[in-house]
């Protein structure tokens with residue numbers, strides 16, 4: 001007993017303990033830190049007190065570790081501030097180029113309308129108004145995003161000052177108490193910041209439309225301008241008054257499906273990659289969930305824990321378009337593309353579709369829709385449940401886009417990346433059936 005007591009004897013009190021006493025043993029200095037309870041305690045607490053058996057460490061060492069974490073937080077905040085400043089610069093630069101493009105496009109329109117001035121005075125004013133409206137809507141979105149970045153910088157600057165002040169506290173116990181109070185907020189601030197990639201608005205489609213419009217002006221003036229622009233497949237702008245300004249940055253209006261079908265593919269699924277509780281049709285185009293697993297040897301490429309499957313063939317160049325029918329997929333499904341290096345073992349983020357750098361997907365679960373890549377998610381607010389998805393890949397351009405085919409090819413989400421490996425169509429099921437339709 002004597003030797004055991006000697007092992008837990010309180011160390012000599014240092015000057016830093018000051019008046020800080022153990023809340024349970026008030027006569028003893030609080031010189032240890034209970035990691036389970038996140039409290040400063042005395043040397044008796046881990047042996048005889050309420051913290052018996054709990055992992056503890058010296059308060060000075062724990063304070064040093066907390067200071068290190070706060071320094072990392074400060075560095076992360078500085079990096080995020082720089083990223084937001086870069087976002088502002090990109091938004092402002094894109095806005096200036098947009099205004100230059102708008103002025104150039106209006107000048108071009110003026111030149112063309114001169115050829116038929118007597119007939120086209122009113123039409124010219126409508127076209128310029130169309131450009132001005134879309135320019136102002138887009139500039140407003142740029143300004144709102146830039147203002148949002150500025151506010152984020154202000155919030156992070158204030159928090160940086162608070163964290164720095166805490167990190168300079170000399171008393172370890174005070175530092176730990178202040179650190180614990182701000183630990184949750186530090187965790188939120190240390191998450192990666194989103195980079196803004198403003199999509200420039202082009203007026204080339206309007207100019208292309210009016211090249212043809214001049215030849216047929218006398219016959220087309222009776223048709224409203226909105227109708228003519230929507231009917232022309234070369235024009236990717238929409239003048240609908242119901243269009244929200246933010247849509248100009250995220251999507252172009254519903255493109256014609258026929259434009260994508262010239263890149264149509266019908267990728268089959270690879271049974272060697274398929275989880276044991278999935279079943280594949282004989283043509284390799286339909287996969288469904290099963291209650292029982294398959295017997296026999298397990299191929300090395302197979303997903304052993306997640307109900308996922310990859311396509312048989314990958315795309316390493318060019319443009320490709322395929323469709324996926326999810327009408328019978330139930331409450332949860334994942335549709336996307338992945339590198340062949342996607343991990344096949346376990347349920348970690350390295351193996352989950354959309355939760356790593358090797359995969360991209362659109363996901364539905366519990367009546368919510370999300371776009372996922374590298375654990376970064378974007379909420380998709382859809383007006384209707386899509387029954388068939390269209391997937392368009394432009395490998396060289398680094399574009400992977402998803403459309404709602406049954407919803408008039410309405411845009412769902414676009415990923416931008418520099419692809420490093422071949423991309424394989426990828427699916428994950430929670431229940432039900434997913435099919436890849438044959439395209440003409």
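Which pairs turn up if I take residues in the stretch 43-58 that are more than 13 Å from residue 25 (Cβ to Cβ) and look for partners that are in a strand (DSSP E or B) with beta carbon separation below 6 Å, at least 6 apart in sequence or on another chain? Matching pairs, first to second residue: 54/34; 56/32; 56/34; 57/33. For the structure I just gave you, tell me whether residue 193 is modelled with pLDDT of 65 or more and crowded, with 16+ Cβ neighbours inside 10 Å. Taking the combined requirement at face value, the residue satisfies it. If we keep just the residues of the stretch 381-406 that are in contact (Cβ under 8 Å) with a residue 60 or more places away in the chain and assigned to a loop (DSSP other than H, G, I, E, B), which is surrounded by the most Cβ atoms within 10 Å (Cβ to Cβ)? My answer is 386.
Of the residues screened, residue 119 is not one that is surrounded by 17 or more Cβ atoms within 10 Å (Cβ to Cβ) and either in a helix (DSSP H, G or I) or modelled with pLDDT under 75 (or both). Taking residue 188, is it modelled with pLDDT under 85 and not in a loop (DSSP other than H, G, I, E, B)? Yes: the conditions hold for residue 188.
Among the candidates 169, 173, the residue that is over 28 Å from residue 91 (Cβ atoms), touching a strand residue (DSSP E or B) at 6+ places or on another chain (Cβ under 9 Å) and at pLDDT 85 or above is uniquely 173.
For every residue, the table says whether it meets (1) within 30 Å of residue 139 (Cβ to Cβ); (2) modelled with pLDDT under 95; (3) touching a strand residue (DSSP E or B) at 6+ places or on another chain (Cβ under 8 Å); (4) in a loop (DSSP other than H, G, I, E, B).
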| residue | (1), (2), (3), (4) |
| --- | --- |
| 258 | no, yes, no, no |
| 275 | no, yes, yes, yes |
| 296 | no, yes, no, yes |
| 299 | no, yes, no, yes |
| 305 | no, yes, no, yes |
| 334 | no, no, yes, no |
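Can you say whether residue 348 is on the phi < 0 side of the Ramachandran plot, in contact (Cβ under 8 Å) with a residue 24 or more places away in the chain and assigned to a loop (DSSP other than H, G, I, E, B), as far as the supplied structure shows? So residue 348 does not fit the description; no. Taking the stretch 23-72 as the region of interest, the strands (runs of 3 or more DSSP E) fully inside it that hold 2 or more residues being buried (at least 18 other Cβ atoms within 10 Å of the Cβ) and under 45 Å from the mean Cα position of the chain (by Cα) are 32-34, 39-41. Scanning the stretch 412-432 for residues that are in contact with a strand residue (DSSP E or B) (Cβ under 8 Å, 6 or more places away or on another chain) and crowded, with 19+ Cβ neighbours inside 10 Å returns 412, 413, 415, 423, 424, 425, 426, 427, 428, 429.
For the stretch 412-439, the set of residues classified as part of a strand (DSSP E or B) and within 16 Å of the chain's Cα centre (by Cα) consists of 412, 413, 414, 415, 416, listed by residue number.
The values are calculated or read from the model by the stated rules, or taken from the named source; none is laboratory data. Small disclaimer: the values here were computed from a predicted structure and weren't measured. When we count neighbours, we look across all protein chains shown, and the Cβ atoms used for this are built from the backbone with ideal geometry, even at glycine.
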